[in-house]
Amino acid sequence: MNRHKHIERVRSRKKAWDLIIIGGGASGLGAAVDASSRGHKTLLLEKYDFAKGTSSRSTKLVHGGVRYLQNGDISLVIEALKERGVMRKNAPHLVRDLSFVIPSYDWWNSPFYGIGLKIYDMMAGNLGLGPSTLIDRDQTIELIPNVKKEGLRGGVIYHDGQFDDARMAISLAQTAENHGATILNYMEVIGLTKENDMIKGIEAEDKLNGERFLLEAKVVINATGVFSDEIIQMDQPKSKKLIVPSQGVHIVLEKSFLNGPHAIMVPHTTDGRVLFAVPWNDYVVVGTTDTLIKDHLIEPIALDEEIDFILENAGAYMTNSPTRKDIKSVFSGLRPLAAPEESGNATKEISRHHKILVSTTGLVSILGGKWTTYRKMAEDLVNTAQSVGGLLERTCITQNLPIQGYDYNSDWSNPLHVYGTDEAKLVALDKNGNKSLSKLVFITPNQIRWAVREEMAIQIEDVLSRRTRALFLNAKESLLIAPKVAKIMADEMGKNTKWIKDQLKNYTTLTKNYIIT
């Protein structure tokens, strides 16, 4: 993906686009893949970087939602389990089977969860990842050696999916480009244009140089997640707020806190949720929280009480309990939950179903949803957009559409597996560029070059946060290698020492939200 080429496409196009999609997260990128693969002329504009917001800050799970089953939301579980299987089938280099152990300290817990998870397996049908099984005390300890042993009776093992959310987002952007979509990051939509009270396009500004564009479209899609209300109110200023932001915080620990390849699901937290401890890139991600937030920041800040909540509830199930000094990074994301019809619901009780709204002026907005169902969300969204925009009615093909890099034989022990079939091209960029810059997080000079040349990385943050996951895995270490990353990027992009200095200053400020002091 070359940003200059995509900008030129925008400048040179004289006709109206079929669709302009605002937002470069899971729902927007999914819609771009769907629309472009149907043959529609598609433009996607993202104000920041792709997946800068919520879509890079998940628990890294592709799951049906055990908790949703417990809450009785059967339709969402069935849809998510189907989409979990489709996602793994279409992107085997990015999505894999992961086994989860639920430790049990009460005689009735294992049978209770065992029956529930058998229903979970049954709902997945032939797209299931593996059968759930009751295990005894010794088997539980063997699978998760750090589990608290006092009072342990046994457990349940079940299977769900795991993925790298930011890498999936980049692969979706590349897939959309492969089908003719034009995609731009750092392009802010600053206004909607209308004719006869109907939306006919947008006004956008390039955040890198201030250039402005007036662009026409047959239909405009609002896929901006927690910022959806801002676009809706740009269209209709008196609209009531339709999004309830819920903050989810994760902490990252050394892999010794699991000491094995299996994840732990804590079935009962102090607020009635479930908590996960998941192995990821030689670290462990633990989370998440569910906190009602009024201010929807692009860089949400973890609250002390959220960090303490995770440590307390994870520590209740671990022999070696984590403390604040063990945290390598902390990251926060905001769930764009569609506001319920009735007020007063706790955020954990608000449905994760998505909603599609069409305003009287023709703006199509998608609210809510989750990463696992991104493809189905996109299908519903583009079906609606076709009707609203008077586009040719073309059928969705994404259920059997391979994602960029598709490689069924990916070696997950190789840190470069997320590139799939592109790995060989990346490695070949420079024979001396394949050694990691750090012993604590894997990032090579060739990855940095590839991010700039092929993945539209513009700033140091893009590389260290989303093209690689250094910031999310070990924030202090990412700060130490930032100067090396900046130098390689500057060489690739023809930038001077002032650019390097400014980038390092900005990145140093950013990392403060990820480091526990």
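Summary table below
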quantity: Label-point gap, in nm, between R13 and A424 - each point 7 angstrom along Cα→Cβ; calculated: 3.4 nm
quantity: Likely footprinting exposure, L429, L480, fewest C-beta neighbours within 10 Å first; calculated: L480, L429
quantity: Rounded to whole Hz, the Karplus (6.51, -1.76, 1.60) HN-Hα couplings of region 367-381, x for glycine and proline; calculated: 10, x, x, 8, 3, 4, 9, 4, 5, 5, 4, 5, 4, 5, 5
quantity: Computed helical MRE - 222 nm, the chain, DSSP H runs ≥ 4 contributing -39500 (n - 2.57), nearest 500; calculated: -10000 deg cm²/dmol
quantity: Distance between modelled label sites at T509 and K238, nm, 7 Å Cα→Cβ extension; calculated: 3.9 nm
quantity: FRET efficiency, L357 to T270 (Cβ-Cβ, R0 35 Å, nearest 0.05); calculated: 0.50
quantity: Label point distance in nm, N496-E211, each placed 7 Å from Cα along Cα→Cβ; calculated: 2.1 nm
quantity: Viscosity 1.306 mPa s, 10 °C: Kirkwood-radius Stokes-Einstein D of the chain over Cα pairs, µm²/s; calculated: 68 µm²/s
quantity: Rounded D (µm²/s) - region 428-511, Kirkwood Rh over Cα pairs, Stokes-Einstein at 10 °C, 1.306 mPa s; calculated: 127 µm²/s
quantity: Under 22 Å from the Cα of K238 - lysines, other chains or at least 8 residues apart; calculated: K194, K200, K294, K355
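Laboratory data are not the source of any read-out in this text; all were calculated from the coordinates shown. Treat the numbers as computed from the prediction; the structure is a model and nothing was measured. No Cβ is skipped: glycine too gets one built from the backbone with ideal geometry, and neighbour counts run over all protein chains shown.
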